[in-house]
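In what follows, a structure is listed as structure tokens, so that the remarks can point back to it.
Each value in this text was obtained by applying a stated rule to the coordinates, not by laboratory testing. Keep in mind that this is a model prediction, so the values were computed, not measured. Quick reminder, even Gly has a Cβ in these numbers, built from the backbone with ideal geometry, and neighbours come from all protein chains shown.
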There are 4 protein chains.
Amino acid sequence: MVGGGRGAFIGAVHRIAAAMDQQIDLVCGAFSSNPERSKASGADLFLAPARCYGAFEEMIKSEAKLDADQRMDFVAIVTPNHLHFPPAKMALEYGFHVLSDKPATFNLAQAKKLGELVRKSGLLYGLTHNYTGYPLVKEARDMIGAGKLGKIRKVVVEYPQGWLATRLEATGQKQAGWRTDPKKSGAAGSMGDIGTHAENLAEYITGLQIEELAADITAFVKGRRLDDDGNVLLRFKGGAKGVLHCSQISVGEENNLNIRVYGERGGIEWHQKEPNSMLVKWPDQPMQVYRAANGYLGSAAKAATRTPPAHPEGYLEAFANIYRNFAAHIRARNEGRNLGRNDPALDYPKIEDGIRGMAFIEAVVKSSKRNAAWTRLEVKK
Amino acid sequence: MVGGGRGAFIGAVHRIAAAMDQQIDLVCGAFSSNPERSKASGADLFLAPARCYGAFEEMIKSEAKLDADQRMDFVAIVTPNHLHFPPAKMALEYGFHVLSDKPATFNLAQAKKLGELVRKSGLLYGLTHNYTGYPLVKEARDMIGAGKLGKIRKVVVEYPQGWLATRLEATGQKQAGWRTDPKKSGAAGSMGDIGTHAENLAEYITGLQIEELAADITAFVKGRRLDDDGNVLLRFKGGAKGVLHCSQISVGEENNLNIRVYGERGGIEWHQKEPNSMLVKWPDQPMQVYRAANGYLGSAAKAATRTPPAHPEGYLEAFANIYRNFAAHIRARNEGRNLGRNDPALDYPKIEDGIRGMAFIEAVVKSSKRNAAWTRLEVKK
Amino acid sequence: MVGGGRGAFIGAVHRIAAAMDQQIDLVCGAFSSNPERSKASGADLFLAPARCYGAFEEMIKSEAKLDADQRMDFVAIVTPNHLHFPPAKMALEYGFHVLSDKPATFNLAQAKKLGELVRKSGLLYGLTHNYTGYPLVKEARDMIGAGKLGKIRKVVVEYPQGWLATRLEATGQKQAGWRTDPKKSGAAGSMGDIGTHAENLAEYITGLQIEELAADITAFVKGRRLDDDGNVLLRFKGGAKGVLHCSQISVGEENNLNIRVYGERGGIEWHQKEPNSMLVKWPDQPMQVYRAANGYLGSAAKAATRTPPAHPEGYLEAFANIYRNFAAHIRARNEGRNLGRNDPALDYPKIEDGIRGMAFIEAVVKSSKRNAAWTRLEVKK
Amino acid sequence: MVGGGRGAFIGAVHRIAAAMDQQIDLVCGAFSSNPERSKASGADLFLAPARCYGAFEEMIKSEAKLDADQRMDFVAIVTPNHLHFPPAKMALEYGFHVLSDKPATFNLAQAKKLGELVRKSGLLYGLTHNYTGYPLVKEARDMIGAGKLGKIRKVVVEYPQGWLATRLEATGQKQAGWRTDPKKSGAAGSMGDIGTHAENLAEYITGLQIEELAADITAFVKGRRLDDDGNVLLRFKGGAKGVLHCSQISVGEENNLNIRVYGERGGIEWHQKEPNSMLVKWPDQPMQVYRAANGYLGSAAKAATRTPPAHPEGYLEAFANIYRNFAAHIRARNEGRNLGRNDPALDYPKIEDGIRGMAFIEAVVKSSKRNAAWTRLEVKK
């Protein structure tokens, strides 16, 4: 693991996600650029001091020298955005699979380079767009893929939060600090941090790609250097239209990612804050409430739960689904097994999703600078 | 009453709204342009045949000749959009107050003329933007007006319906017919029919005016001549931003007008489909659920309910609030009483709201034709 | 109308319910035992002073002397419980139909007498167990009647309120005063006031009769003379079992009547506070959300709405459904028309429901005095 | 671990709960009485074959012989009810702490014996009444303990499920099989399996003990030997009253444990199916929606979450809280640290809770046999 030392938020989430299904052992880490702090963090986790490194470079080199059955199997990257690319690049170069927190990189150019590296190396790369790990998100994707809603016409995807409604970064709060710093976060604030989750969710569920967008992003809090709110008109390939908006100044909203999709024959609605329910809407029948873990769900949704209906699973389990699938993919590789096209082990976000996320950020920023002019979301070579 | 003969929808709603509080008697009507049909409709309502007219012109002229204590006190107009202006104009010219269904007129030019007439005549003009009749909508307006949410930053207002997801107008369905006909409905379809309600609600609650907008409207159903869906970016005077979207092709949505407003210190959320609850959100306290008719509400909200808490009131009661206030205003006029600035009798939408609604429609259509270019919502003389 | 003078709650509700559908005109009243107060109350309602009586006896006698097309068609009784029987009895004796607030009478013996009188007179008697006026309550009854849920096994019906959590009657509050006074309210407090609504709702929806019950009722507030809370085990004829509990000390509950019914094949759940939704549950399919006014509903539910889906109707409309049906029944009588068995005009609570309600109250009180011993709910001659 | 071999449900839940926080390693198991099956189950979990035992007796004896730093620290028991007592007893006798699935034992007599053993041995015993592991359950307990709701008057606790609405045990389904078999499940069916959770939750949250109860339990499904539904009147020490009902034939209900508690000054409501929200009700203020992980919560609730607000945690996390606290208690013991009275490490259900659960089952069965006569819930020596 790179990053995730004492006091970090997402590092602990990754570790719980990795541990939950008892398929993955944390064996080493460069938890902090301060070697002592890294060792202390590792000690909290019952790791051998020798495998608690002060720098990711050291970790990768050292682990690469170990015997194949001793060395780490993959690298998990849980650093702030500007530090995603360097360890990912190096890990791939040294032959390690990579599971990275999102966004994939600091900018689109890096993401394309990383894509190139992944293709060349033949190694696996996973990205924790964790919200696609929820069982009912998978059910929505499968329903739409099977044509149950008919041709998609409209998509509304939202990600409101309220935690940055004041200038929290001025108080020294670590999470707020790097997220509002253009040098660490990238070209966008809220749009990079959470808008990309909304973009990824919309494309994952609908199977459609955003073709162009018109964005109006704003930094409402005085002195803030990156957007903390944004509203975007969407046009998808094939004719669907929609709205994406995200916010970190919507006071009182916790982490309310949600999506509604309407096709010619039906609609779906899902909210991350109560993730075990999904509303399914029909023109002339009562609305249905799909609930996770029930027998009427498809195989992808079922594979993504661990318990019977109404034993609610949540954020950590959705996150763990990415780890579990990624680990299953590595194991299949190691054992030389081929996986079927719909094998759950293949169901995790990949570098292509990362590249689209970076392209989304750049298109949003570009559009907004041009007063919300329509801007294409394209990933050219 | 002008319009509202057998088979009409909104005419019956107006009559229930007028009757509910026992302050208004329906005394005459031009329910249909077919005199026999008008008489039959009037007979259903226990009206004297002599006061069931075949044309609004006849009604206005005949009633004007009656003694003051016999003639009608005001005209209610419940016709399709293109027939709002002529009877309103004539009624005002003959000295009758007018209560009209929305939108005020067929286009902005007519609305401005009507505004001129209202001002000159000194008569009362009310517009049934009925959703502002709900008690918790009034509470939201008062909370924001009192600064409880701080300066407003973001507004999300939606009005999704699904009933026009197929080409219902081709089946002879009357409501669908005129609403999708540019000659009867006006320049916009969904944006005129329901988008204006959303616009009115957002301006009523926030007390802010939309300054400019960028709209992308669409006719998704093949062969349809007016928009059945639209997404709009909003910028308000003073710096707030937002999103307005409405739809008549969002399959499975009934009539789900809803709004969220976020200020620097708090937020509110209200849904028309469960109108007796409003969520109030704070940065560091639990969300509150305001419920209609409770003692902790302000005077405007209290004046808008008839029963104790959890005796749910709904659409018809909200509609009736406009009639009740309008009647109270007329009565005060007739009795020579002056009303205080905050008297509930003054709390109903007026011609100025109608003019802004028409300006909204024209701005949306103009913006969308120019590929969602920013367009000012202005009401110049 | 008997009762319902200035300051009364339920009288105003009855008047709105009667006025809403424009089928009934209020023509006279004995609004108060104080003649001047009665006249003043009548004046508020634009009634002729000559028909505002100081006593119900005077009203009934005077009206009976009027010509058939002038006199009132029926009497609405909206007095406290102890004053239900006398005017109902007299009205029937003078040939007037009666629509009474619930409970039907002060005790079971009176209710049986009234039943006798109704039978002998051939006149119509309606009882405003208004919660059965909701469209989705009718849908539930029809679904169960048609066997869609299979044989019923379990019923949970609740009616929690919180408004009597303190000794409100000691403050002079009028509503609290008579409801907690054994001389005016009858043998039970909460169980009579709201428990009977729960009992009536359960029997109406399931079509099953409570056979025996075990009740534990309590007066939690010090000094209160009647129960303000009660818990009851139910056994229905045919083997279903259940729980009924009601409360007026459940702080923060508004008026939350709700019911769940489970059969061998399905279940339903309905809450009065959001009355336009009903949950329908199946063993191996997603839960459905039935919404009022939709095309998939049965005829009884459809007949009980006035507006399209998601134009929420509420308590007053449900109440008005009883008035509308009762008026339609009278009109059919007057016109000599026979009504089909399922005609909506017959769908209102009758004296038999009133008698069962009184028997319920007496059984509950008897059981509780015997430490919750099983007690039969029987209506012997 | 004793039990939990391939195909078991609760064993996997325990393992996830133990693994999640990376404080506990599974080191050995008697997963099945079939030694080969036990080894195979252990292999699935990457365990050394030598520590996969064919019987719990063998496991306990063998582990006891290992060096202190090699042997297991405690035994987790995840077998059907009739097999809880024997391994618990033996583990304690050999000096191992015990964490057992509920109910504690097969009957009350065994539970008392176990209590005696725990006291004598000085070892730790935990019971996975996992629903008390939810953060908002802890918040409810703390609010009530601090007197925020005033003296408690009424408790409504429910646990409806629908999965046994048909005779599933006749199909060979393993979970249904033992749960409906008096030899394996004990004296009660639904009341033992889920009613005890409701009883435990009510006592945990309110801090009150049930003094006596009147129960009416039923086996609705033909041929079933144990109750699948039951309704119970409750009287608590100190005067509060309430209702407890549970069901396994409430078609369409998943696992809907929920509770409402009303005191003199406020009320709370919590539902396990959406466990991250709790409604808090006041007499004259809007209802509040408490959400897990927010800053306004107390220390116990905060200690029970791993992620920020609206990163929903669920059943597995609540379960894991018991494991985490139990492990922390063992570690404190091993390290000779004393824990403060409110240390989260002490917050897990203990043998006393287990004994009360068994007493509850016996009282319910006894009461129901005597036609719901009041029966005391007493734990005499």
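Determine the shielding of peptide A:272-285 by partner chains: average, over its residues, the number of Cβ atoms on other chains within 10 angstrom of each Cβ.
Whole-number average of other-chain Cβ neighbours for A:272-285 is 5.
Which one, A:Ala293, A:Gln209, A:Leu233, is farthest towards the positive end of the dipole of the range A:180-311 when Lys and Arg carry +1 and Asp and Glu -1 on their Cβ?
Going by the charge dipole, the pick is A:Ala293.
Run the simple label-point estimate for D:Arg376 and A:Asn371 please: 7 Å along Cα→C-beta, distance reported in nm.
With each label placed 7 Å out from Cα toward Cβ, I get 8.5 nm.
Nothing charged except the Cβ atoms of Lys and Arg (+1) and of Asp and Glu (-1): what's the magnitude of the dipole of chain C about its Cα centre? Round to the nearest 20 debye. Could you put the intermediate results ahead of the total?
Details: 51 positive and 42 negative charges, 170 e Å.
Computed about the Cα centre, the dipole is about 820 debye.
With +1 on the Cβ of every Lys and Arg and -1 on the Cβ of every Asp and Glu, and nothing else charged, how large is the dipole of the protein assembly as shown about its Cα centre, in debye rounded to the nearest 20?
0
I'd like the mean, over residues of D:286-298, of how many other protein chain beta carbons sit within 10 Å of each residue's own Cβ.
Counting other chains' Cβ atoms within 10 Å and averaging over D:286-298 gives 5.
Say a label goes 7 Å from Cα toward Cβ at A:Lys89 in every copy; what distances in nm does this one have to the rest, shortest first?
Result, one decimal in nm: 6.8, 7.1, 9.8.
Between the range D:113-130 and the range C:97-150, how many Å separate their Cα centres?
Centre-to-centre distance over Cα atoms comes out at 57 Å.
Provide an ascending nm list, one decimal, of label-point separations from D:Asn338 to the equivalent residue in each further copy; define each label point as 7 Å from Cα along Cα→Cβ.
6.8, 7.8, 9.1
What's the percent breakdown of Cα-Cα distances in the range D:150-241 across 5 Å bins, shortest bin first?
P(r) over the range D:150-241, rounded to whole percents: 3, 13, 23, 21, 14, 11, 8, 5, 2, 0.
Taking 7 Å along the Cα-to-C-beta vector as the label spot, tell me the B:Lys89-D:Ala40 distance in nanometres, rounded to one decimal.
Taking the simple label geometry, B:Lys89 and D:Ala40 are separated by 8.8 nm.
Report, in order of residue number, the helices in chain C meeting two criteria: a C-alpha extent of 24 Å or more along the helix axis, and a mean Kyte-Doolittle hydropathy of at least 0.0; treat each whole DSSP H run as one helix. Let's see the in-between values first.
On the way: long enough: C:315-335 (30 Å, -0.45); C:351-369 (27 Å, 0.26).
Counting only whole DSSP H runs, the qualifying helices are C:351-369.
Assign unit charges at the C-beta atoms only (+1 for Lys and Arg, -1 for Asp and Glu), then state the dipole size of the range B:178-279 relative to its Cα centre in Debye, rounded to the nearest 20. Write out the running numbers ahead of the final one.
Details: 12 positive and 15 negative charges, 42 e Å.
The calculation lands at about 200 debye.
With 22 Å as the limit, write out which pairs from C:Lys183/D:Lys241; B:Lys112/B:Lys366; C:Lys112/C:Lys183; A:Lys61/A:Lys350; D:Lys102/D:Lys350 have Cα-Cα distances beyond it, or answer none.
As for pairs spanning more than 22 Å Cα to Cα, those are C:Lys183/D:Lys241; A:Lys61/A:Lys350.
Using Cα-Cα distances under 8 Å and only pairs 6 or more residues apart, what relative contact order does chain A have, in percent?
19
Test of understanding: express the Cα radius of gyration of chain A as a ratio to 2.2 N^0.38 Å, with N the residue count. Intermediate values should be presented prior to the final figure.
Working: Rg = 20.5 Å, N = 381, 2.2 N^0.38 = 21.0 Å.
For chain A, the normalised Cα radius of gyration is 0.97.
Less than 15 Å apart at the alpha-carbon level, and either on another chain or at least 8 residues along: which aspartates and glutamates does that give for D:Lys113?
Leaving aside aspartates and glutamates fewer than 8 places away in the same chain, those within reach of D:Lys113 are D:Glu93, D:Glu352, D:Asp353.
Using alpha carbons only, how many angstrom separate the centre of the range C:7-74 from the centre of the range D:333-354?
71
Could you tell me the ratio Rg/Rh of the range B:234-381? Both radii from Cα atoms, Rh via Kirkwood. Show your work: numbers first, answer last.
Details: Rg = 18.7 Å, Rh = 18.7 Å.
Over the Cα atoms of the range B:234-381, Rg/Rh equals 1.00.
Farthest toward the dipole's positive end in chain A, which of A:Tyr348, A:Ser367, A:Asn130, given Cβ charges of +1 (Lys, Arg) and -1 (Asp, Glu) about the Cα centre?
Most positive-ward Cα: A:Ser367.
From the label point of A:Lys61, set 7 Å along Cα to the beta carbon, how far off in nm is each other copy's matching point, shortest first?
5.6, 10.2, 11.4
Ignoring everything except DSSP H segments at least 4 long, calculate the 222 nm mean residue ellipticity for the protein assembly as shown; use -39,500 (n - 2.57) per segment, divide by total residues, nearest 500.
-10500 deg cm²/dmol
Could you tell me what percent of the DSSP beta bridges with both partners in chain A are antiparallel, to the nearest 5?
Beta bridges within chain A, antiparallel portion: roughly 70 percent.
Could you list D:Thr128, D:Thr105, A:Thr171 in order of exposure, starting from the residue whose Cβ has the fewest other Cβ atoms within 10 Å?
A:Thr171, D:Thr128, D:Thr105
Rounded to the nearest 5, what is the percent of antiparallel bridges among the DSSP beta bridges in the protein assembly as shown?
Approximately 70 percent, going by the DSSP bridge assignments.
Once the mean 1/r over all distinct Cα pairs of the protein assembly as shown is inverted, what Kirkwood radius in angstroms do you read off?
About 34.9 Å, per the Kirkwood formula over Cα pairs.
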